[in-house]
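Only one structure is covered here, and it is reproduced in the block below.
The values are calculated or read from the model by the stated rules, or taken from the named source; none is laboratory data. Computed from a prediction, not measured in an experiment: that's the story for all the values here. For neighbour counting, all protein chains shown are included, and Cβ atoms are generated from backbone atoms with ideal geometry for every residue, glycine included. Each accessible area value is taken on the protein alone, full model and side chains, heavy atoms only, with ligands, DNA and RNA left out. Shrake-Rupley method; radii C 1.70, N 1.55, O 1.52, S 1.80 Å.
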Amino acid sequence: MKKILIFALALVITAGASAQKKAKKSEMDKKCSKMEQKHDCGMHEGNCGMHMQGCCKQTPAARLIERLKSLSAKGIMYGHQDAPFYGLTWEWEDGRCDVKETCGDFPAVMGFELGGIEMGDAKNLDSVPFTRMREEIIAHHQRGGIVTISWHPRNPLTTIMGGGPAGQKFPEGTAWDVTSDQVVKSILPGGAKHDRFVIWMQRVATFLASLKTPGGEPVPILFRPWHENSGSWFWWGEKLCSVEEYRALWNMLQDQLRAEGFDNLVWSYSPGMQDNLTAQRLMDRYPGDDRVDMLGLDGYQWTPEEKNQFIERGKQNLAVLCQVAKEHNLIPALTECGMKNMTEPTWWTSTLLPTVKGFPISYMLTWRNFKNEWFGPSPEKPDASYFRDFYNSPTTLFLKDIK
């Protein structure tokens with residue numbers, strides 16, 4: 001009888017301990033779930049105490065964020081838009097890249113553009129086939145590179161079926177059509193063009209969902225919608241919509257993609273560079289810490305005479321950017337930059353490098369090399385030797401440096 005009582009008591013104690021352990025595990029599951037939603041799940045092993053290691057798998061976005069933070073300690077990554085599609089003397093040739101042919105290495109970051117996907121077009125607004133884009137995005141990821149995607153959707157209020165090929169003349173019907181300040185309002189819930197824009201967002205989602213490795217793993221993406229909103233040259237610019245409408249626009253797209261399960265998107269918010277930038281000005285349309293992972297700026301030098309202005313404004317803007325990013329636990333970046341047609345061959349080492357040096361930004365991306373307007377290097381141009389010096393600088397990181 002005594003043995004039976006002891007055995008029963010042991011069962012009660014064991015059951016109690018098991019229940020307590022399950023309760024603790026359940027609480028840890030909740031904590032890790034919240035951390036994962038904030039892309040902080042990578043820290044869970046140190047914070048979960050008794051929690052089983054590996055309980056909440058890191059998302060592709062969280063892993064990319066950790067990687068970006070780690071790489072920032074090594075230097076600043078160089079990126080180039082549309083690098084594998086065309087250059088100053090070639091186009092659509094597999095395996096070519098002006099950056100690689102100039103310095104012997106791929107850019108660490110490659111930029112791609114979705115404009116046109118919303119119309120169901122086979123090619124984007126720069127005539128890049130989306131099938132080819134998908135291949136190059138996956139290829140750059142598999143070689144160890146980082147991918148960023150922007151989206152210049154057509155104007156949902158003024159575009160016509162077929163867009164440009166149907167007869168509209170630039171900028172009519174494009175992202176640069178700023179003839180109305182009602183566009184954003186028209187596509188928000190309840191707006192006249194909301195249903196149209198829901199279809200557009202679904203087409204974006206369909207393309208993003210196709211960006212997977214042969215093994216089925218989603219490619220992590222730096223996703224940068226609604227950029228340069230501090231200007232008014234896009235239909236989502238500051239003079240074309242209110243602060244509340246802009247934030248609602250951001251939230252609508254983000255909520256749609258999150259609802260569809262995308263956990264591979266690192267969300268990048270990037271206004272344009274401005275004279276005498278302040279923290280308040282930088283953040284006046286900011287969607288919120290729970291909605292943004294990266295804080296960027298876009299800034300260009302258009303003529304040789306703007307050199308000193310570019311350097312001074314760039315340094316002042318980057319100082320504000322990095323301070324605000326630190327306060328909000330965001331990753332800072334120079335999300336677009338460049339000198340039009342490289343009319344100052346020394347620009348890489350005499351202007352860009354002195355501007356960014358010393359700032360803990362993740363990357364700097366120069367825009368595309370189109371034959372009539374280019375911003376990157378080319379082996380045929382006088383800036384090639386200066387770009388190689390830029391490549392060899394301990395400040396810059398290219399693909400070989402981040403693998």
Leaving out same-chain residues fewer than 8 places away, which aspartates and glutamates sit with a Cα under 18 Å from that of Lys326?
Asp40, Glu66, Asp284, Asp289, Asp290, Asp293
Sorted by chain and number, the residues with a modelled amide H under 5 Å from that of Ile76, at a separation of 5 or more or across chains, are Thr396, Leu397
Counting only heavy atoms of protein chains, what accessible area per residue, in Å², does the chain have with a probe of 1.4 Å?
45 Å²
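For the chain, give me the percentage of DSSP beta bridges that are antiparallel, rounded to the nearest 5 percent.
Numbers: 6 of 40 bridges.
Of all bridge pairs located within the chain, approximately 15 percent are antiparallel.
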Which aspartates and glutamates does Lys381 reach when only Cα atoms under 18 Å apart count, and residues fewer than 8 places away in its own chain are ignored?
Glu91, Asp98, Glu101, Asp105, Glu344, Glu373, Asp389
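May I ask you to give the percent of accessible area on the stretch 246-345 that is carbon plus sulfur, with a probe radius of 1.4 Å?
Details: 1690 of 3890 Å².
About 44 percent, which is the carbon plus sulfur part of the accessible surface.
Kindly state, to the nearest 0.05, the FRET efficiency for Trp176 paired with Lys57, given R0 = 41 Å and r defined as their beta-carbon distance. Walk me through the numbers on the way to the answer.
Numbers: r = 42 Å, r/R0 = 1.02.
The formula returns an efficiency of 0.50 here.
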Through the Karplus equation 6.51 cos²θ - 1.76 cosθ + 1.60, θ set to phi - 60°, convert the phi angles of the stretch 146-153 into ³J(HN,Hα) values in whole Hz; use x for Gly and Pro.
10, 10, 10, 10, 10, 9, 10, x
Phe370's amide H: which non-local residues (gap 5+, or another chain) put their own amide H closer than 5 Å, with H modeled 1.01 Å from N in plane and none for Pro or chain starts?
Phe375
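In nm, what is the difference between 0.36 nm times the number of residues separating Ile160 and Lys69 and their Cα-Cα distance?
28.4 nm
If each residue of separation counts as 0.36 nm, what is the full-extension length gain between Ser242 and Thr303 once their alpha-carbon separation is subtracted?
Values: separation 61, 0.36 × 61 = 21.96 nm, distance 3.25 nm.
Result: 18.7 nm gained on full extension.
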Mind telling me which of Gly215, Gly87, Gly75 comes out most flexible in a GNM of the chain, alpha-carbon contacts under 10 Å?
Gly215
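Between their Cα atoms, which of Lys69/Lys123; Lys123/Lys185; Lys212/Lys400; Lys69/Lys212; Lys193/Lys340; Lys57/Lys100 are more than 31 Å away from each other? List each step's numbers first, then the result.
Details: Lys69/Lys123 34 Å; Lys123/Lys185 28 Å; Lys212/Lys400 23 Å; Lys69/Lys212 24 Å; Lys193/Lys340 36 Å; Lys57/Lys100 36 Å.
Pairs exceeding the cut-off: Lys69/Lys123; Lys193/Lys340; Lys57/Lys100.
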Among Gln254, Gly296, Asn264, pick out the residue whose Cα is farthest towards the positive end of the charge dipole of the stretch 237-297, where Lys and Arg carry +1 and Asp and Glu carry -1 on C-beta, about the Cα centre.
Gly296
Of Asn341, Asn372, Asn308, which has the largest mean-square fluctuation in a 10 Å C-alpha GNM of the chain?
Asn372
Ranking Gly163, Gly144, Gly115 by how far each Cα lies towards the positive end of the charge dipole of the chain (+1 on Lys and Arg Cβ, -1 on Asp and Glu Cβ), the top one is Gly144
Using label points projected 7 Å from each Cα along Cα→Cβ, tell me how many nm separate Ser350 and His328, to one decimal.
3.6 nm
To the nearest 20 debye, what charge dipole does the chain have about its Cα centre, counting +1 at the Cβ of each Lys and Arg and -1 at the Cβ of each Asp and Glu?
1960 debye
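For the chain, what is the mean residue ellipticity at 222 nm derived from helices alone (per DSSP H run of n ≥ 4: -39500 (n - 2.57); sum divided by total residues; nearest 500 deg cm²/dmol)?
On the way: 13 runs with 152 residues, N = 403.
Result for the chain: -11500 deg cm²/dmol, rounded to the nearest 500.
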Would you please classify the overall shape of the stretch 59-155 from the alpha carbon gyration tensor, given that a ≥ b ≥ c denote the square roots of the eigenvalues, rounded means a/c under 1.5, and beyond that prolate means a/b larger than b/c while oblate covers the rest?
oblate
Taking a ≥ b ≥ c as the square roots of the Cα gyration tensor eigenvalues, with a/c under 1.5 meaning rounded and otherwise prolate when a/b beats b/c, else oblate, which class fits the stretch 158-295?
oblate
Normalised by the number of residues in the stretch 236-387, what is the relative contact order in percent for Cα pairs under 8 Å and 6+ residues apart?
21 percent
Which of these, Asn369, Asn155, Asn251, has the largest mean-square fluctuation under a Gaussian network model of the chain (Cα springs below 10 Å)?
Asn251
Just one of [x] 55, 49, 42; [y] 97, 53, 44; [z] 70, 52, 48 is Cα extents along the principal axes in Å calculated from these coordinates, so which is it?
[y]
In whole angstrom, note down how far apart the Cα centers of the stretch 332-403 and the stretch 114-172 are.
25 Å
